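Novice: Sharing a structure here in structure tokens format.
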Amino acid sequence: MTQTRSLIAALAATTALAAPAMAQDDTLTVGVLLTLSGPGAVLGEMARDGFLLAAEEIGDLGGMPTEIIVVDDEQKPDVAANKARELVERNGADIVVGPIFSNVAGAIVQPVTQGGGILISPNAGPSNLAGAECNKAFFATSYQNDQMHEVMGAHAQAQGFQNVFLLAPNYQAGQDALAGFRKSYTGGVAGEIFTQMGQLDYSAELAQIAAMQPDAVFAFMPGGMGVNLVRQYRQAGLEGIPFLSAFTVDEATLPAQAEAALGFFAGSNWAPDLDTPENAAFVAAYEAKYGHVPGVYAMQGYDAARLIDGALREAGGTDRDALIAALEKAPFTSVRGDFSFGPNHFPIQDFYLTTVVQREDGKFATSVVEKIFDDYQDNYASNCQMN
């Protein structure tokens, strides 16, 4: 019986890839290129762990002898581009799964796809790859970046909020977040602040919110920024003002936010308590193996492995054109339920309003409140001319 082999390598920028043997014709080689060091490591670790869990459950992906090579992109586009090129050209990777961050996606899509590989993103969903720069060999098992923020805009609109305070760090993703919120929210804006990247003290911004008393606050503050903002928001006694967010209160930040995040809202394509049999099995297996609640990054990594397995079986092997055609059919059952690919190879799926709860076992998690979008396709698909 063949056995999946996993070569785990967290490599420094100057270190060559380990085990450079080229894949044999009858062997599937998958490169997993994620951020596994630095501030964003927890996201990459979840995606890696979700992918490896599914691969372990399946055995050999597509029924083929499988080699999985895990590499750290260090959240550096130039490092990622070099490692992506090595995965495809030196290691013979048929498929590369990654990355987490959109600026890294922009750096690796050409080295992977022009080198003859297929790139499957378990998180990054930049608008250019969903639209005018779509690529027949690029697929996402996540979402288009704007969509999570659009969920919260639609919720704010449905609630009749008329003056929402907007808060995000001053970089491209922060600007895109507020633009995404505005796509589905047409009410007034009480204030808008772009903070410094990495800012950890929000006393000035919170004082302004307290003075304005808006109907709600919408914040995009990922990672440590979100941990501090949520804690300080609660400490400032502002919890009476609804806190709406995306990538700010989730399973990556909740272990540090804990009670401070209770009752705060987020937009998502999934939550650990989403009611499907596949999701219940996934969450139970993930928690048993890794000891913590999975986040959306883990789910999307898990689905990426299941997608690859289904497509390989549909295609009957690794012929690139046949495999791309099989991937387009999305021949697997997503743990999130409804899932298909649009013409730009981005998911058509449901989106939810979630809130932070404390489970009976004491752990904190997001929980589905209601469905906001049903079978929702992103706004960029019409700009995609696949060739």
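The values are calculated or read from the model by the stated rules, or taken from the named source; none is laboratory data. If you're wondering where the values come from, they're calculated on a predicted model, not measured in any experiment. Cβ coordinates were reconstructed from backbone atoms using ideal geometry, including for glycine residues, and neighbour counts include every protein chain displayed. The area values use the complete protein model at the heavy-atom level, side chains included, leaving out ligands, DNA and RNA. Shrake-Rupley method; radii C 1.70, N 1.55, O 1.52, S 1.80 Å.
Novice: Select from the stretch 178-204 the residues that are assigned to a helix (DSSP H, G or I) and out of contact with any Asp or Glu (no Cβ under 8 Å at 6 or more places or on another chain) and list them in ascending order.
Specialist: Filtering the stretch 178-204 for residues assigned to a helix (DSSP H, G or I) gives 178-184, 203-204.
Passing the criteria: 182, 203, 204.
Novice: Return yes when residue 122 is open to solvent by less than 10 Å² (accessible area, probe 1.4 Å) and modelled with pLDDT of 95 or more and no when it is not. Working first, answer last.
Specialist: Details: open to solvent by less than 10 Å² (accessible area, probe 1.4 Å): yes; modelled with pLDDT of 95 or more: yes.
Yes.
Novice: Is it the case that some residue within the stretch 31-43 is over 27 Å from residue 198 (Cβ atoms), out of contact with any Phe, Trp or Tyr (no Cβ under 8 Å at 6 or more places or on another chain) and either open to solvent by 30 Å² or more (accessible area, probe 1.4 Å) or not hydroxyl-bearing (Ser, Thr, Tyr) (or both)?
Specialist: Among the residues of the stretch 31-43, at least one is over 27 Å from residue 198 (Cβ atoms), out of contact with any Phe, Trp or Tyr (no Cβ under 8 Å at 6 or more places or on another chain) and either open to solvent by 30 Å² or more (accessible area, probe 1.4 Å) or not hydroxyl-bearing (Ser, Thr, Tyr) (or both), which makes the answer yes.
Novice: Here is a check on your reading of the model: is residue 372 β-branched (Val, Ile, Thr), assigned to a helix (DSSP H, G or I) and surrounded by fewer than 24 Cβ atoms within 10 Å (Cβ to Cβ)?
Specialist: On the way: β-branched (Val, Ile, Thr): yes; assigned to a helix (DSSP H, G or I): no; surrounded by fewer than 24 Cβ atoms within 10 Å (Cβ to Cβ): yes.
No: the conditions fail for residue 372.
Novice: Is it the case, given these coordinates, that residue 107 is open to solvent by 10 Å² or more (accessible area, probe 1.4 Å) and within 25 Å of residue 383 (Cα to Cα)?
Specialist: Working: open to solvent by 10 Å² or more (accessible area, probe 1.4 Å): yes; within 25 Å of residue 383 (Cα to Cα): yes.
In short, yes.
Novice: List the number of the failed condition for residue 39; all other conditions in (1) more than 24 Å from residue 146 (Cα to Cα); (2) under 21 Å from the mean Cα position of the chain (by Cα); (3) assigned to a loop (DSSP other than H, G, I, E, B) hold.
Specialist: Failed condition: (1).
Novice: Name the pairs whose Cβ atoms lie under 9 Å apart, with the first residue in the stretch 161-175 and without any contact (Cβ under 8 Å) to a residue 24 or more places away in the chain and over 16 Å from residue 229 (Cβ atoms), the second small (Gly, Ala, Ser) and assigned to a strand (DSSP E or B), and 6 or more positions between them or separate chains?
Specialist: 175/168
Novice: Next question, about the same structure. Going through the stretch 279-318 one residue at a time, which ones are in a loop (DSSP other than H, G, I, E, B) and not hydroxyl-bearing (Ser, Thr, Tyr)? Before you say what the answer is, go through the steps one by one.
Specialist: Initial filter on the stretch 279-318 (in a loop (DSSP other than H, G, I, E, B)): 291-295, 316-318.
Correct list: 291, 292, 293, 294, 295, 316, 317.
Novice: Hey, among the residues in the stretch 147-174 that are modelled with pLDDT under 95, open to solvent by 10 Å² or more (accessible area, probe 1.4 Å) and assigned to a helix (DSSP H, G or I), which one's farthest from residue 348 (Cα to Cα)?
Specialist: The residue in question is 172.
Novice: Quick one: residue 67 ticks every box in (1) out of contact with any strand residue (DSSP E or B) (no Cβ under 7 Å at 6 or more places or on another chain); (2) modelled with pLDDT of 95 or more except a single one, so which number is it?
Specialist: All conditions are met except number (1).
Novice: Return the residues of the stretch 269-278 that are over 17 Å from residue 359 (Cα atoms) and either part of a helix (DSSP H, G or I) or open to solvent by 10 Å² or more (accessible area, probe 1.4 Å) (or both); say none if nothing qualifies.
Specialist: 276, 277, 278
Novice: Can you find a residue in the stretch 284-291 that is of a type in the set (A, V, I, L, M, F, W, C), open to solvent by 20 Å² or more (accessible area, probe 1.4 Å) and within 16 Å of the chain's Cα centre (by Cα)? Walk me through it before giving the result.
Specialist: At the first step, the residues of the stretch 284-291 found to be of a type in the set (A, V, I, L, M, F, W, C) are 284-285, 288.
With open to solvent by 20 Å² or more (accessible area, probe 1.4 Å) added as a condition, the list becomes 284-285, 288.
Okay, now just the ones that are also within 16 Å of the chain's Cα centre (by Cα), so none.
Looking for residues that are of a type in the set (A, V, I, L, M, F, W, C), open to solvent by 20 Å² or more (accessible area, probe 1.4 Å) and within 16 Å of the chain's Cα centre (by Cα), one finds none in the stretch 284-291, hence no.
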